[in-house]
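*Asks:* The structure is given below, and queries will be raised subsequently.
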Amino acid sequence: MVEMKRNNTDTVADDAIKGALRSLITSRYYLDAKYIDTIEVDNNFIYIDLKQNSSAKQANDVDIADVGYYMEKDIKGDPIISPDVPFQLLVNGKNFGVKEPIIYYIDEKPHEISMKHLTPGVIAVIVVVVVAIIAGIVVLVLTRRKRGRYEKAEVSH
């Protein structure tokens, strides 16, 4: 999902903005139009929802994460793909300015935290703590024994 603010306050039809964005994304970033799910224009904000299932993606398809990254760089004025060609969103022949892009990366499936992934780490931490405790007890016992021997030797004289 790409979120950006309108820089231009002129009254422009929402359909014209949507068409220009769709055209720009397909021509500049070579993203197939089937991956552009929705484009919403809401007052000063524009939302572009790009969806690409990993199972439906073909070998020569552009990744939507790359498109989001390059689009953010272009809008911020630091283009990577084609630095000689500035980012221009042409609506009715005029450059329609946008600013402050925010890219949201949302996975197909929500992440799941399970104990299967955490178990080896927890076991390792427990083993290290137990070994440290045992080593501390051994050192404590050995130092007390040595101290006890010296004291006995001094008392018997």
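Throughout, read-outs are computed from the coordinates displayed, never taken from laboratory work. Since the model is a prediction, treat every value here as computed from it, not as a measurement. Because the Cβ atoms are built from the backbone with ideal geometry, glycine has one as well, and the counts that use them run over all protein chains shown.
*Asks:* Just for the Cα atoms in the chain, what are the lengths along the principal axes, largest first, rounded to whole Å?
*Replies:* 108, 33, 31
*Asks:* For the chain, what does -39500 (n - 2.57) per DSSP helix run (n ≥ 4), summed and divided by total residues, give at 222 nm, in deg cm²/dmol to the nearest 500?
*Replies:* When only DSSP H runs of four or more count, the value is -15500 deg cm²/dmol.
*Asks:* Further, regarding this structure: Of the candidates LYS109, LYS76, LYS34, which one comes out as most mobile in a Gaussian network treatment of the chain with C-alpha springs shorter than 10 Å?
*Replies:* Per the Cα network of the chain with a 10 Å cutoff, LYS109 tops the list.
*Asks:* For GLU3 and ILE80, calculate 0.36 nm times their separation in residues minus their Cα-Cα distance, and state this gained length in nm to one decimal. Could you put the intermediate results ahead of the total?
*Replies:* On the way: separation 77, 0.36 × 77 = 27.72 nm, distance 1.96 nm.
Roughly 25.8 nm would be gained on extension.
*Asks:* Sticking with the crude label model, points 7 Å out along Cα→Cβ, report the distance from ILE103 to VAL125 in nm, one decimal please.
*Replies:* 3.3 nm
*Asks:* In degrees from 0 to 90, rounded to the nearest 10, what is the angle of the helix 64-75 Cα long axis to the longest principal axis of the chain?
*Replies:* 70 degrees
*Asks:* Further question: Could you check which residue among GLY68, GLY121, GLY97 shows the biggest mean-square fluctuation in a GNM of the chain with a 10 Å Cα cutoff?
*Replies:* Per the Cα network of the chain with a 10 Å cutoff, GLY121 tops the list.
*Asks:* Just to be sure I understand: with springs between alpha-carbon atoms less than 10 Å apart, which residue in ILE48, ILE81, ILE123 has the highest mean-square fluctuation in the Gaussian network model of the chain?
*Replies:* Looking only at ILE48, ILE81, ILE123, the largest GNM fluctuation is found for ILE123.
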